[in-house]
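Q: Structure below; questions to follow.
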Amino acid sequence: MGRRRGVAAAIIGLLAATVAGCSAGPQTFDDDVPHDADSGGQTFAEMQESLQRIPGLEITAEGGGRPNVKGNTGYVITVELEAGHTLVDGPALVTFLVESAWSVREGWQPNALVTIYLTTADPSSQVDIAAAAAEAGWMEPGASSIATPDKLGTANIDVSTTTGASHRERLGDWPGDVPAVPQGITAGK
């Protein structure tokens with residue numbers, strides 16, 4: 001009887017260890033994605049400050065957060081073209097925004113998308129941000145986004161290690177160099 005109890009206790013212990021191992025929770029990718037670089041690039045606050053130096057644009061950025069359940073992380077940048085202004089150089093704007101996101105050393109390196117939304121206070125503005133991204137070489141030629149009365153479209157820039165490998169090569173090591181704020185991107189009407 002004592003031997004049966006010992007075997008039963010061993011089996012229960014083995015099952016408990018197996019169950020505990022299985023219920024350790026979902027896999028996290030925090031250590032698989034580079035984050036919090038010691039040097040290079042710029043801080044998130046420095047990037048935000050540089051984004052505000054382009055006249056006629058209100059730009060907000062979110063990103064650098066922990067990878068999601070699929071291990072993906074990226075940036076969402078919303079650009080509002082203010083009333084009384086036009087976007088003169090969309091390709092330069094897209095390049096500046098992608099390079100800015102890549103240069104942030106705080107948080108996690110983008111490894112999926114840098115998404116740019118363009119909105120406008122003036123519905124008569126005609127700018128296709130996806131076409132601008134394609135012209136700048138960040139999206140396939142002929143890319144276009146559907147405009148609505150309050151949105152001029154979306155550009156999704158792939159910075160993954162697979163389908164976005166050419167973009168990563170163009171950007172260089174993370175965190176990238178801090179891009180200069182381009183001049184002449186917008187003009188007053």
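The values are calculated or read from the model by the stated rules, or taken from the named source; none is laboratory data. All values reported here derive from a predicted model rather than from experimental measurement. Cβ sites come from the backbone with ideal geometry, for glycine too, and all protein chains shown count toward neighbours. Note: accessible area is taken over every heavy atom of the protein model, side chains too, but ligands, DNA and RNA are not part of it. Shrake-Rupley method; radii C 1.70, N 1.55, O 1.52, S 1.80 Å.
Q: From GLY41, GLY71, GLY65, which residue is within 23 Å of ILE185 (Cβ to Cβ) and open to solvent by less than 60 Å² (accessible area, probe 1.4 Å)?
A: Result: GLY41 is the single residue among GLY41, GLY71, GLY65 that is within 23 Å of ILE185 (Cβ to Cβ) and open to solvent by less than 60 Å² (accessible area, probe 1.4 Å).
Q: I'd like to check something: does the range 120-132 contain any residue that is without any contact (Cβ under 8 Å) to a residue 40 or more places away in the chain and surrounded by 16 or more Cβ atoms within 10 Å (Cβ to Cβ)?
A: Checked the range 120-132: at least one residue is without any contact (Cβ under 8 Å) to a residue 40 or more places away in the chain and surrounded by 16 or more Cβ atoms within 10 Å (Cβ to Cβ).
Q: Another question about this same structure. Can you find even one residue in the range 167-183 that is β-branched (Val, Ile, Thr) and farther than 18 Å from THR60 by Cβ?
A: Kept after step one, since they are β-branched (Val, Ile, Thr), are these residues of the range 167-183: 178, 181.
Those left that are additionally farther than 18 Å from THR60 by Cβ: 178.
Yes, there is a match, as at least one residue in the range 167-183 is β-branched (Val, Ile, Thr) and farther than 18 Å from THR60 by Cβ.
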